[in-house]
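I have placed the structure first, in the form of structure tokens, so that the comments after it can refer back to it.
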Amino acid sequence: MNEKGIAAAALSVRSLSMDAIQKANSGHPGLPLGCAELAAVLYGEILKYNPADSKWADRDRFVLSAGHGSMLLYSILHLAGYKVSMDDIKSFRQVGSKCPGHPEYGMTDGVENTSGPLGQGVAMSVGMALAESMLAARFNTDKHTVVDHYTYSLVGEGCLQEGVASEACSLAGHLKLGKLIVFYDQNQISIDGSTTITLTEDIAKRFEAYGWQVLHGDMYDPAGIIKLVEQAKACKDKPSFIMLKSIIGKGAPNQNTADVHGAPLGVEGVKTAKQQLGLPVDKDFYVVPEAYAYFEEKKAARAQAEKDWEAEFAAWSKENPELRKMWDAFYSGTPSGTAEFPEFKPGDKLATRDASGKALNTIADRFLNLVGGSADLMGPNKTKLAHDDGTYQWNNRKGRTIEFGIREFAMSAICAGMALHGGLRPFCATFLIFSDYLRPSLRVAALMGVNTVYVLTHDSIYVGEDGPTHQPIETLAALRAIPNVQVLRPGDAQETVVAWEMAMESKDHPVCLALTRQGLPVYEKFDASWKQNARKGAYVVLEGSSAPDITVLATGSEVSMALDAAKLVSGKKVRVVSVLDRKLFAMQDKAFKNAVIGGAKRVVTAEAGISMGWDAFATSHEDIFCINRFGESGPANKVAEHLGFTAAKLAELLNK
């Protein structure tokens, strides 16, 4: 261990962090100043990586869960030789900067994930570790090891108070993810003061109860940290939680106080800190020369480590051509098989969740890297995979079905982490109403552009007896409100297959499938181009006329309702359109939208949810057939009658 190099790197992290935050007049100096030694020893001595190739498949992953301390990460990435320049550091928190206020996936070389909302980062790291174990079980052989890396995360007090961290860490312990190592910045300070005002539990015992190995150390003892990591790696059947006592804002005049957490030190504060730390007061963005030299000396060895892996990978590929073929399919996202989708015909009647289950298994046969599961709702969600790999557990790392337990938020974040890791295509499932529990992670997934698929069943008041707590009303609107989230609500089994195809084709956004509990008829389509048009968001199911008087835009189960209602309308020509994806339909050019709507003077919309968003399509607000109140408990059809949400009531509206 190069003690001088580590010390120089830690001092430089503090120097760059203070000055960048002060120049921006915005930021969080507490964590970068307090954890500089950890960053230096991690990137200097512990992590396996090659800064010349930040996407090396077998690199170790580091997740800064406490993302507000982003200058810690940017500073060490700069020193370590990633594509983070001094100019990038100097433009911290400015529009278009590679060093935004919180780490953003895809913006900064070496940043593995978006870490803004606390707790989500460590949950994503659980997903990365889970992915590593899955891929290792699938691809490593007795002679060759091509997947062998660790996932590290740094959490603070705030991360551990967020429920998503508890959910994810509980599951990680159950799954015995021994290659997950989490560092805890134990400074006992949060924004409002000492954490003792809100957090007095025994965190060590909490993590022991989760099934983790808990270790204790000093943030300012690099040699000790290295030994703790070695001890963590020696434990194969438990993730490790390394508690490092620290001083928030170490070196600042207001160190060890809440004031240093989230505000610049000020000109005089920076000057005083530099004097106390032994940094030149008259030099901004100063890097100790030994820090650059320390990392420069390691560049060749890091590049060689990747070359050695490439040689191992080449030998493995030669001896295992079928596995190599599978690897390429996994990492390119191309199909590994040719299974045919189930055939559904007009007159068939089944819930779209049932059609989804059948389509899902076809896709699982086509894409062997499709993995995922449900939040304890595998039966109701119809997400059981009919394959021989079984359920993923600590003693079956090849399993493709993941039992997430009743942990919707963590489930979504873990799937995001798996997608970020690469090589796997994750899906997760719950009832549509419970997407509220996972929504914060879905938003971050959309920000990162990961292509997780969300299977969301029981999509309306037709849940019935479970009542208003389980009947989604505002949920579809809430999901559609998130930028870069695609919401697909198919109206029958045939559309459900198309929806799954669209979901699997997505490359840069998450997709939500909203599916029914109740059976729906498979209806006749107006023409053979329906699939092509459905992929644009909407298509004509019932033409009614080339020049209809009324066009009904409906989604999901309401397409069947609209078809039934059209039969009850006299003296008017009614067209029925299935809107599979409202946002996508809205994005189409005027010619396509006019062709679908057919020039109707009156447009009525029908959806079992709130009216929000439909004003853009309906002729008037009175032509939005919706439900702007919570539901009721009772048999589904009785609930619909009670709420006035029936084909007969829709026909009354159309007849006006």
Name the residue that is surrounded by the fewest Cβ atoms within 10 Å (Cβ to Cβ), counting only residues in segment 482-524 that are without any contact (Cβ under 8 Å) to a residue 40 or more places away in the chain and not in a helix (DSSP H, G or I). P483
Quick one: in segment 587-636, of everything that is of a type in the set (S, T, N, Q) and over 23 Å from V574 (Cβ atoms), which residue is most open to solvent (accessible area, probe 1.4 Å)? N628
D88 passes all but one of (1) open to solvent by 10 Å² or more (accessible area, probe 1.4 Å); (2) in contact (Cβ under 8 Å) with a residue 40 or more places away in the chain; (3) part of a helix (DSSP H, G or I); (4) more than 25 Å from V182 (Cβ to Cβ); which number fails? (2)
Just wondering, is there one or more residues in segment 564-575 that are modelled with pLDDT of 95 or more, under 41 Å from the mean Cα position of the chain (by Cα), in a helix (DSSP H, G or I) and of a type outside the set (G, A, S)? yes
Determine whether A301 is open to solvent by less than 60 Å² (accessible area, probe 1.4 Å), in a helix (DSSP H, G or I) and out of contact with any Phe, Trp or Tyr (no Cβ under 9 Å at 6 or more places or on another chain). no
Listed residues G556, G544; which is in contact (Cβ under 8 Å) with a residue 60 or more places away in the chain, at positive phi and not hydrophobic (A, V, I, L, M, F, W, C)? G556
Within segment 419-450, count every residue that is among the β-branched types (V, I, T) and part of a strand (DSSP E or B). 1
Taking segment 143-173 and keeping only residues that are of a type outside the set (A, V, I, L, M, F, W, C) and touching an Asp or Glu at 6+ places or on another chain (Cβ under 8 Å), one is left with K143, H144, T145, D148, H149, Y150, T151, Y152, G156, E157
Can you find, within segment 587-604, the residue that is nearest to the chain's Cα centre (by Cα) among those that are farther than 24 Å from N655 by Cα and not charged (D, E, K, R)? M587
Single unsatisfied condition, I406 versus (1) under 24 Å from H509 (Cβ atoms); (2) open to solvent by 10 Å² or more (accessible area, probe 1.4 Å): (1)
So is P117 surrounded by fewer than 22 Cβ atoms within 10 Å (Cβ to Cβ), in contact (Cβ under 8 Å) with a residue 12 or more places away in the chain and assigned to a loop (DSSP other than H, G, I, E, B) or not? yes
Among G262, G251, which is the only one that is on the phi > 0 side of the Ramachandran plot, part of a loop (DSSP other than H, G, I, E, B) and in contact (Cβ under 8 Å) with a residue 60 or more places away in the chain? G251
T469 vs (1) assigned to a loop (DSSP other than H, G, I, E, B); (2) touching a residue at least 40 places away in the same chain (Cβ under 8 Å): all pass except (2)
Determine which member of the set K4, K98, K83, K23 is in a helix (DSSP H, G or I), in contact with a helix residue (DSSP H, G or I) (Cβ under 9 Å, 6 or more places away or on another chain), farther than 26 Å from D221 by Cα and open to solvent by 20 Å² or more (accessible area, probe 1.4 Å). K23
For a quick check of your reading of the model, give me the residue pairs whose first member lies in segment 312-327 and is of a type outside the set (S, T, N, Q), whose second is open to solvent by 60 Å² or more (accessible area, probe 1.4 Å) and not in a helix (DSSP H, G or I), with beta-carbon atoms closer than 9 Å and at least 6 apart or on different chains. E312/T145; A315/K143; W316/K143; W316/T145; E319/K143
Scan of segment 557-572 for residues that are open to solvent by less than 70 Å² (accessible area, probe 1.4 Å) and either of a type in the set (S, T, N, Q) or touching a Gly at 6+ places or on another chain (Cβ under 6 Å) (or both), ordered by number: S557, V559, S560
The strands (runs of 3 or more DSSP E) lying wholly within segment 132-244 that contain at least 1 residues that are open to solvent by 30 Å² or more (accessible area, probe 1.4 Å) are 180-186, 213-218
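The values are calculated or read from the model by the stated rules, or taken from the named source; none is laboratory data. None of the values given here were measured: they were computed from a predicted structure. We place every Cβ from the backbone using ideal geometry, glycine too, and count neighbours over all the protein chains shown. Only protein heavy atoms, including side chains, enter the accessible area calculation; ligands, DNA and RNA are left aside. Shrake-Rupley method; radii C 1.70, N 1.55, O 1.52, S 1.80 Å.
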